[in-house]
Amino acid sequence: MLKNYTAIFCLLFFKLSAQTYFTPQLDKNKDVPLAEYELGIATYFNTNVENEYKRQEYYLTFNDFGLRKDKPVKELTIDTNTDGTIEYYYKFNQDGTIAHFKDYVDENNRSYEYFENLIVIKQEPLVKYKDRVFSTSIDSIFFDHNRNIVKELYSSILHGDGGVNAIRKVVEYQFSKSNQLEKKYYYSIRKRSGYSDDLLDGREIFYENYKDSIVEKGYYAKEQKTELKDRTDEKKLMSKSVYYLNNSNIVDRVKVFYSNSSSDVKYDFTINYDKSGRVTNYQDRDKESCSFGYDKNGKINQIKRKNKKEPEVVINYIYDNNGRFIYSQKKGEKEKIRPRYFTYEKFGNWETESWDTFFNGKKYTNLITRKISYY
């Protein structure tokens with residue numbers, strides 16, 4: 001299992017750190033306890049300062065939009081304000097992967113193409129105005145025969161009155177013969193209107209794999225990869241982390257060191273799991289602890305958070321009969337936190353979501369309506 005773990009780990013924090021707000025109305029954003037869970041874990045599992053190189057989910061399926069898997073969805077439209085106007089449109093392939101997305105609010109148009117070892121995501125404005133700044137971009141994600149991500153390419157062109165600006169970002173992953181992640185390299189090249197020189201920026205991450213730990217070291221790399229040696233000068237050390245593995249070859253402790261030191265500990269983070277492999281507790285040595293409780297269906301029904309300066313906060317999470325999160329409630333308080341209500345269509349997918357808000361003593365009901373067609 002160890003030989004596959006770092007590959008799984010790499011995919012895990014790539015997925016967690018992806019910027020979900022690029023695709024509105026993702027169902028995972030509505031699942032508040034799950035979002036809290038992922039955010040807490042991702043904060044420590046993705047210690048490298050590389051967020052600017054992450055664009056969006058590369059592989060969206062029915063499940064990301066809260067759609068049942070047993071009935072293939074063809075198209076989905078969303079009206080967010082009951083005026084009969086479609087704000088978002090989605091088209092899916094029959095295997096459940098997303099094929100097309102249109103955001104009529106921000107006038108965004110995105111398409112997904114799938115090949116054997118490649119996914120291509122193209123993004124451009126729905127309407128191109130001559131007097132408005134707009135950008136077009138292409139994401140390309142390459143896989144090896146083990147379905148590890150081995151390369152990500154992102155290119156974008158910004159059109160405006162000041163000329164054309166372009167950016168190209170590259171992320172490459174190198175795996176050993178035993179399928180262990182050994183190296184990750186990424187850099188960006190910016191071409192700016194009015195400047196003759198390109199702006200280069202890069203990072204290089206090395207992974208040392210041991211029986212009971214994985215050592216991760218990050219370095220600044222201003223040159224392109226072809227000009228770099230296999231090992232970088234320690235003076236350019238940007239980050240260092242050590243991931244300790246338990247008897248099941250799962251990370252149960254993370255140490256993060258200061259960028260200018262390989263010995264002074266910045267974070268010392270421990271993780272506990274239940275028999276199902278779910279995180280039950282994580283503890284930062286100097287900051288906070290957080291624990292998760294689960295119901296019989298595996299849903300998070302309680303989160304306890306505590307730090308040294310404030311008393312423990314306990315929040316309970318409530319779901320409807322279809323397993324959808326509908327409201328949360330702090331322990332000791334009667335008031336529900338933004339309760340939501342869902343109606344469902346005959347195939348079990350939610351059709352409307354509503355909640356009440358109050359302004360100047362008046363109650364207003366908010367309603368989101370989805371229309372779904374099937375294959």
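The values are calculated or read from the model by the stated rules, or taken from the named source; none is laboratory data. If you're wondering where the values come from, they're calculated on a predicted model, not measured in any experiment. We place every Cβ from the backbone using ideal geometry, glycine too, and count neighbours over all the protein chains shown. What goes into the accessible areas is simple: the full protein's heavy atoms, side chains included, and nothing from ligands, DNA or RNA. Shrake-Rupley method; radii C 1.70, N 1.55, O 1.52, S 1.80 Å.
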Residue match in segment 105-115 (condition: touching a Pro at 6+ places or on another chain (Cβ under 9 Å) and open to solvent by 70 Å² or more (accessible area, probe 1.4 Å)) | yes
Pairs returned, first residue in segment 349-366 that is over 15 Å from I337 (Cα atoms), second residue that is open to solvent by 100 Å² or more (accessible area, probe 1.4 Å), beta-carbon separation under 6 angstrom, 6 or more apart or interchain, are N349/R68
Can you name every residue in segment 310-367 that is of a type in the set (G, A, S) and within 20 Å of Y37 (Cα to Cα)?
-> G323, S328
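Within segment 69-82, identify whether any single residue is closer than 30 Å to K151 by Cβ, modelled with pLDDT of 75 or more, out of contact with any helix residue (DSSP H, G or I) (no Cβ under 9 Å at 6 or more places or on another chain) and open to solvent by less than 60 Å² (accessible area, probe 1.4 Å), and answer yes or no.
First, pick out the residues of segment 69-82 that are closer than 30 Å to K151 by Cβ: 69.
The next check asks that each one be modelled with pLDDT of 75 or more; those that pass are 69.
Adding the requirement that they be out of contact with any helix residue (DSSP H, G or I) (no Cβ under 9 Å at 6 or more places or on another chain) leaves none.
No, the conditions are met nowhere in segment 69-82.
Having 2 or more residues that are at pLDDT 90 or above, under 22 Å from the mean Cα position of the chain (by Cα) and among the hydroxyl-bearing types (S, T, Y) is the bar; report the strands (runs of 3 or more DSSP E) wholly within segment 93-177 that clear it.
Numbers: elements: 98-103, 108-115, 118-125, 134-143, 149-160, 163-175.
Passing ranges, in order: 108-115.
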Single residue of segment 252-297 satisfying the filter (within 22 Å of E204 (Cβ to Cβ) and aliphatic (A, V, I, L, M)) that is modelled with the highest pLDDT = V254
With respect to the numbered conditions (1) open to solvent by 30 Å² or more (accessible area, probe 1.4 Å); (2) free of Cβ contacts under 8 Å to residues at least 24 places away in the same chain; (3) assigned to a strand (DSSP E or B), which one is the sole condition not fulfilled by Y267?
-> (2)
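Rundown of residues vs (1) among the β-branched types (V, I, T); (2) over 25 Å from the mean Cα position of the chain (by Cα), yes/no style:
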residue: S289; (1), (2): no, no
residue: Q302; (1), (2): no, no
residue: G323; (1), (2): no, no
residue: I326; (1), (2): yes, no
residue: P339; (1), (2): no, yes
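If you check V120 against the conditions, is it under 30 Å from L76 (Cα atoms) and among the β-branched types (V, I, T)? Talk me through it step by step, then tell me what you get.
Values: under 30 Å from L76 (Cα atoms): yes; among the β-branched types (V, I, T): yes.
So V120 passes the test.
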